[in-house]
Amino acid sequence: MEHFTLLNQSGGARTGMLHTAHGAVPTPAFMPVGSQGSVKTLTWPEVREAGFGMVLGNTYHLYLRPGIDVIEQMGGLHRFTGWDGAILTDSGGYQIFSLAPLCRLTDVGVTFRSHIDGSEHVFTPETAVWYQERLGADVIMVLDECSAYGDSREKVAAAMRRTHAWAARCKEAHTREDQFLYGIVQGGMHADLRRESAEHLAGLDFPGYAVGGLSVGEPKETTWEILAVTADVLPADKPRYLMGVGAPEDLVNGVAHGVDLFDCAL
(Lines give C-alpha, C1' and ligand atoms only; values in the text may rest on other atoms or scores of the structure.)
Protein backbone atom coordinates (compact mmCIF):
# COMPACT_ATOMS: atom_id res chain seq x y z
CA MET A 1 0.00 0.00 0.00
CA GLU A 2 1.25 3.45 -0.87
CA HIS A 3 1.36 5.34 2.41
CA PHE A 4 1.58 9.02 1.48
CA THR A 5 0.59 11.14 -1.50
CA LEU A 6 1.89 14.70 -1.70
CA LEU A 7 -0.82 16.79 -3.35
CA ASN A 8 0.14 20.47 -3.27
CA GLN A 9 2.87 22.71 -1.89
CA SER A 10 3.17 26.46 -1.24
CA GLY A 11 6.52 27.49 0.13
CA GLY A 12 7.23 25.01 2.90
CA ALA A 13 3.55 24.27 3.56
CA ARG A 14 1.98 21.27 1.86
CA THR A 15 -1.16 19.19 1.61
CA GLY A 16 -1.29 15.45 1.16
CA MET A 17 -3.14 12.24 1.84
CA LEU A 18 -2.08 9.60 4.34
CA HIS A 19 -3.29 6.14 3.30
CA THR A 20 -3.93 3.57 6.05
CA ALA A 21 -5.79 0.30 6.50
CA HIS A 22 -8.52 2.27 8.30
CA GLY A 23 -9.05 5.03 5.79
CA ALA A 24 -7.34 7.97 4.15
CA VAL A 25 -6.40 10.99 6.28
CA PRO A 26 -6.02 14.41 4.62
CA THR A 27 -2.91 16.24 5.80
CA PRO A 28 -1.91 18.45 7.52
CA ALA A 29 -3.74 16.69 10.35
CA PHE A 30 -3.94 17.04 14.12
CA MET A 31 -4.36 13.81 16.07
CA PRO A 32 -6.37 14.06 19.29
CA VAL A 33 -4.59 12.22 22.10
CA GLY A 34 -6.28 9.10 23.45
CA SER A 35 -3.40 7.72 25.50
CA GLN A 36 -5.48 4.93 27.06
CA GLY A 37 -7.84 4.36 24.14
CA SER A 38 -10.27 7.25 24.52
CA VAL A 39 -10.22 10.98 23.87
CA LYS A 40 -11.25 12.47 27.21
CA THR A 41 -14.68 14.22 27.29
CA LEU A 42 -15.54 13.22 23.69
CA THR A 43 -17.46 10.35 22.12
CA TRP A 44 -16.15 8.89 18.86
CA PRO A 45 -19.01 10.48 16.84
CA GLU A 46 -18.00 13.83 18.34
CA VAL A 47 -14.37 13.24 17.34
CA ARG A 48 -15.56 12.49 13.80
CA GLU A 49 -17.88 15.50 13.71
CA ALA A 50 -14.95 17.72 14.73
CA GLY A 51 -13.19 16.60 11.56
CA PHE A 52 -10.60 14.14 12.87
CA GLY A 53 -9.77 10.92 11.05
CA MET A 54 -6.79 9.78 13.12
CA VAL A 55 -6.13 9.58 16.85
CA LEU A 56 -3.12 8.73 18.99
CA GLY A 57 -2.75 5.98 21.58
CA ASN A 58 0.21 5.34 23.86
CA THR A 59 1.87 1.95 24.14
CA TYR A 60 3.31 2.64 27.59
CA HIS A 61 -0.07 3.46 29.13
CA LEU A 62 -1.96 0.69 27.28
CA TYR A 63 0.72 -1.83 28.26
CA LEU A 64 0.28 -1.01 31.95
CA ARG A 65 -3.52 -0.75 31.86
CA PRO A 66 -5.53 -2.62 30.65
CA GLY A 67 -2.60 -4.62 29.16
CA ILE A 68 -1.54 -5.71 25.68
CA ASP A 69 -2.97 -9.23 26.20
CA VAL A 70 -6.42 -7.90 27.07
CA ILE A 71 -6.56 -5.60 24.03
CA GLU A 72 -5.28 -8.31 21.68
CA GLN A 73 -7.82 -10.84 22.99
CA MET A 74 -10.60 -8.31 22.34
CA GLY A 75 -9.60 -7.95 18.70
CA GLY A 76 -6.99 -5.19 18.76
CA LEU A 77 -7.07 -1.51 19.59
CA HIS A 78 -9.72 -0.55 17.03
CA ARG A 79 -12.28 -3.08 18.26
CA PHE A 80 -11.33 -2.53 21.90
CA THR A 81 -11.91 1.21 21.66
CA GLY A 82 -14.72 1.28 19.09
CA TRP A 83 -12.82 3.75 16.87
CA ASP A 84 -12.91 2.78 13.18
CA GLY A 85 -10.53 5.47 11.91
CA ALA A 86 -6.75 5.48 11.75
CA ILE A 87 -4.66 5.11 14.92
CA LEU A 88 -1.04 6.03 15.60
CA THR A 89 0.64 4.59 18.69
CA ASP A 90 3.69 6.11 20.33
CA SER A 91 6.27 3.59 21.52
CA GLY A 92 6.61 4.95 25.05
CA GLY A 93 9.87 6.80 24.40
CA TYR A 94 8.48 10.10 25.64
CA GLN A 95 7.34 8.47 28.87
CA ILE A 96 10.93 7.33 29.37
CA PHE A 97 11.85 11.01 29.21
CA SER A 98 8.98 12.40 31.27
CA LEU A 99 9.19 9.72 33.97
CA ALA A 100 12.99 9.72 34.07
CA PRO A 101 13.30 9.18 37.86
CA LEU A 102 11.48 5.86 37.42
CA CYS A 103 13.63 4.68 34.49
CA ARG A 104 17.07 3.17 33.83
CA LEU A 105 18.42 3.16 30.27
CA THR A 106 21.05 0.94 28.67
CA ASP A 107 21.82 0.10 25.05
CA VAL A 108 19.62 -2.99 25.48
CA GLY A 109 16.50 -1.01 26.38
CA VAL A 110 14.81 0.72 29.28
CA THR A 111 13.88 -0.65 32.69
CA PHE A 112 11.14 1.34 34.40
CA ARG A 113 8.82 1.24 37.36
CA SER A 114 5.10 1.61 36.80
CA HIS A 115 3.73 4.98 37.89
CA ILE A 116 0.61 3.03 38.97
CA ASP A 117 1.94 0.39 41.36
CA GLY A 118 5.75 0.57 41.25
CA SER A 119 6.16 -2.79 39.51
CA GLU A 120 9.28 -3.18 37.33
CA HIS A 121 9.11 -3.64 33.55
CA VAL A 122 11.48 -3.67 30.58
CA PHE A 123 10.98 -2.22 27.09
CA THR A 124 13.43 -3.02 24.31
CA PRO A 125 13.16 -1.84 20.69
CA GLU A 126 11.98 -5.32 19.77
CA THR A 127 9.27 -5.56 22.43
CA ALA A 128 8.09 -2.00 21.73
CA VAL A 129 7.43 -3.02 18.11
CA TRP A 130 5.90 -6.36 19.14
CA TYR A 131 3.46 -4.67 21.51
CA GLN A 132 2.41 -2.17 18.83
CA GLU A 133 1.96 -4.95 16.27
CA ARG A 134 -0.35 -6.73 18.71
CA LEU A 135 -2.29 -3.52 19.36
CA GLY A 136 -2.84 -3.24 15.61
CA ALA A 137 -2.33 0.50 15.12
CA ASP A 138 -2.00 1.81 11.56
CA VAL A 139 1.15 3.83 12.25
CA ILE A 140 3.64 2.81 14.93
CA MET A 141 6.78 4.45 16.28
CA VAL A 142 10.30 3.26 16.98
CA LEU A 143 11.60 3.33 20.55
CA ASP A 144 13.78 6.39 21.02
CA GLU A 145 15.64 8.31 23.71
CA CYS A 146 14.46 11.91 24.12
CA SER A 147 16.99 14.43 25.45
CA ALA A 148 16.03 17.08 27.99
CA TYR A 149 16.45 20.76 27.21
CA GLY A 150 19.77 21.84 28.70
CA ASP A 151 21.47 18.44 28.44
CA SER A 152 25.14 18.61 27.48
CA ARG A 153 26.09 18.10 23.84
CA GLU A 154 27.80 14.84 24.78
CA LYS A 155 24.65 13.51 26.45
CA VAL A 156 22.47 14.60 23.52
CA ALA A 157 24.83 12.97 21.00
CA ALA A 158 24.86 9.72 22.99
CA ALA A 159 21.05 9.68 23.11
CA MET A 160 20.92 10.32 19.36
CA ARG A 161 23.28 7.45 18.62
CA ARG A 162 21.24 5.14 20.84
CA THR A 163 18.07 6.28 19.06
CA HIS A 164 19.67 5.39 15.71
CA ALA A 165 20.70 1.94 16.94
CA TRP A 166 17.25 1.31 18.37
CA ALA A 167 15.61 2.49 15.13
CA ALA A 168 17.54 -0.11 13.13
CA ARG A 169 16.54 -2.81 15.61
CA CYS A 170 12.89 -1.74 15.45
CA LYS A 171 12.94 -1.90 11.65
CA GLU A 172 14.46 -5.38 11.80
CA ALA A 173 11.80 -6.52 14.27
CA HIS A 174 8.82 -5.10 12.38
CA THR A 175 6.81 -7.75 10.50
CA ARG A 176 3.29 -6.41 9.78
CA GLU A 177 2.86 -5.10 6.24
CA ASP A 178 -0.42 -3.34 7.12
CA GLN A 179 1.39 -1.06 9.59
CA PHE A 180 3.80 1.78 8.90
CA LEU A 181 6.79 2.20 11.21
CA TYR A 182 8.16 5.75 11.58
CA GLY A 183 11.68 6.72 12.57
CA ILE A 184 12.19 9.53 15.11
CA VAL A 185 14.76 12.28 14.63
CA GLN A 186 16.60 13.39 17.78
CA GLY A 187 19.63 15.61 18.35
CA GLY A 188 18.41 18.16 20.88
CA MET A 189 18.91 21.83 20.05
CA HIS A 190 22.08 21.22 18.01
CA ALA A 191 21.50 21.90 14.31
CA ASP A 192 24.38 19.71 13.16
CA LEU A 193 23.18 16.75 15.24
CA ARG A 194 19.66 17.19 13.91
CA ARG A 195 20.97 17.10 10.33
CA GLU A 196 23.03 14.01 11.15
CA SER A 197 20.03 12.29 12.70
CA ALA A 198 17.69 13.13 9.83
CA GLU A 199 20.24 11.96 7.26
CA HIS A 200 20.92 8.72 9.15
CA LEU A 201 17.24 7.84 9.52
CA ALA A 202 16.47 8.80 5.92
CA GLY A 203 19.12 6.26 4.96
CA LEU A 204 17.13 3.56 6.77
CA ASP A 205 14.18 4.32 4.45
CA PHE A 206 11.27 4.47 6.87
CA PRO A 207 7.82 5.17 5.36
CA GLY A 208 7.51 8.25 7.59
CA TYR A 209 9.55 10.36 9.99
CA ALA A 210 8.81 12.04 13.28
CA VAL A 211 10.65 14.96 14.83
CA GLY A 212 10.99 14.25 18.54
CA GLY A 213 12.61 16.11 21.40
CA LEU A 214 11.03 19.50 20.72
CA SER A 215 8.59 21.43 22.91
CA VAL A 216 10.55 20.22 25.95
CA GLY A 217 11.12 23.65 27.47
CA GLU A 218 13.13 25.43 24.77
CA PRO A 219 12.17 28.92 23.46
CA LYS A 220 9.71 28.82 20.58
CA GLU A 221 12.23 30.49 18.28
CA THR A 222 14.56 27.55 18.87
CA THR A 223 11.76 25.07 18.12
CA TRP A 224 11.21 26.55 14.67
CA GLU A 225 14.92 26.91 13.92
CA ILE A 226 15.55 23.25 14.69
CA LEU A 227 12.43 22.13 12.82
CA ALA A 228 13.50 24.08 9.72
CA VAL A 229 16.94 22.45 9.76
CA THR A 230 15.41 19.00 10.17
CA ALA A 231 12.67 19.35 7.56
CA ASP A 232 15.23 20.43 4.96
CA VAL A 233 16.93 17.04 5.25
CA LEU A 234 13.95 14.69 5.52
CA PRO A 235 12.61 13.14 2.29
CA ALA A 236 9.98 15.36 0.69
CA ASP A 237 7.86 12.39 -0.40
CA LYS A 238 7.45 10.97 3.13
CA PRO A 239 5.12 12.27 5.88
CA ARG A 240 6.59 14.35 8.71
CA TYR A 241 5.19 14.18 12.22
CA LEU A 242 6.02 16.82 14.85
CA MET A 243 5.58 15.01 18.14
CA GLY A 244 3.83 16.63 21.09
CA VAL A 245 3.33 20.02 19.45
CA GLY A 246 -0.19 21.34 18.91
CA ALA A 247 -1.07 24.75 20.36
CA PRO A 248 -3.01 26.74 17.72
CA GLU A 249 -0.10 29.04 16.84
CA ASP A 250 2.23 26.02 16.78
CA LEU A 251 0.04 24.32 14.18
CA VAL A 252 0.30 27.36 11.92
CA ASN A 253 4.08 27.56 12.28
CA GLY A 254 4.47 23.80 11.94
CA VAL A 255 2.47 23.67 8.73
CA ALA A 256 4.55 26.53 7.33
CA HIS A 257 7.65 24.43 8.01
CA GLY A 258 6.28 21.42 6.11
CA VAL A 259 4.83 19.31 8.94
CA ASP A 260 2.03 16.87 8.05
CA LEU A 261 1.02 15.41 11.42
CA PHE A 262 0.69 16.83 14.94
CA ASP A 263 -0.43 15.67 18.35
CA CYS A 264 -0.62 17.34 21.76
CA ALA A 265 -2.14 16.46 25.13
CA LEU A 266 -3.07 20.15 25.40
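The values are calculated or read from the model by the stated rules, or taken from the named source; none is laboratory data. Note that this is a predicted model, so its numbers are computed, not measured. Side chains included, ligands, DNA and RNA excluded: accessible areas come from the protein's heavy atoms. Shrake-Rupley method; radii C 1.70, N 1.55, O 1.52, S 1.80 Å.
Once log10 I(q)/I(0) by the Debye sum over Cα atoms at q = 0.11, 0.12, 0.16 Å⁻¹ is calculated for the structure shown, the corresponding label among (i) -0.63, -0.74, -1.21; (ii) -0.75, -0.89, -1.44; (iii) -0.55, -0.67, -1.27 turns out to be (iii). On a C-alpha basis, how far is the centre of region 92-144 from the centre of region 164-187 in Å? Whole number, if you could? Distance between centres, Cα-based: 14 Å. Ellipticity at 222 nm from helices only: DSSP H runs of n ≥ 4 in the chain, each -39500 (n - 2.57), divided by the residue count, give -10500 deg cm²/dmol. Of Arg65, Arg161, Arg169, the residue with the greatest mean-square motion in the GNM of the chain, using alpha carbon springs below 10 Å, is Arg65.
Under the membrane-span-like helix rule (DSSP H runs whose alpha carbons stretch at least 24 Å along the helix axis, mean Kyte-Doolittle hydropathy -1.0 or higher), the chain yields 153-173. Looking at region 25-118, the accessible area is 48 square angstrom per residue; that uses a 1.4 Å probe and ignores ligands, DNA and RNA.
Quick one: work out the % antiparallel among DSSP beta bridges in the chain, nearest 5. Of all bridge pairs located within the chain, approximately 45 percent are antiparallel. In the elastic network of the chain, a GNM with C-alpha springs shorter than 10 Å, the most mobile of Thr106, Thr163, Thr222 is Thr106. If you sort the three axes of the alpha carbon gyration tensor as a ≥ b ≥ c, you get a/c of 1.5 or more for region 2-58 and a/b above b/c, which makes it prolate. In terms of the Cα gyration tensor, with a ≥ b ≥ c the square roots of its eigenvalues, is region 108-205 rounded because a/c is under 1.5, prolate because a/b exceeds b/c, or oblate? Oblate shape, in that a/c is at least 1.5 and b/c is the bigger or equal ratio. If you count only protein heavy atoms with a 1.4 Å probe, what accessible area per residue comes out for region 126-236, rounded to a whole Å²? That works out to 38 Å² for each residue. Note on the chain: with neighbouring protein chains present and a 1.4 Å probe, carbon and sulfur make up 53 percent of its accessible heavy-atom surface. When the square roots of the Cα gyration tensor eigenvalues are ordered a ≥ b ≥ c, the ratio a/c for region 1-158 is 1.5 or more and a/b does not exceed b/c, which makes its shape oblate.
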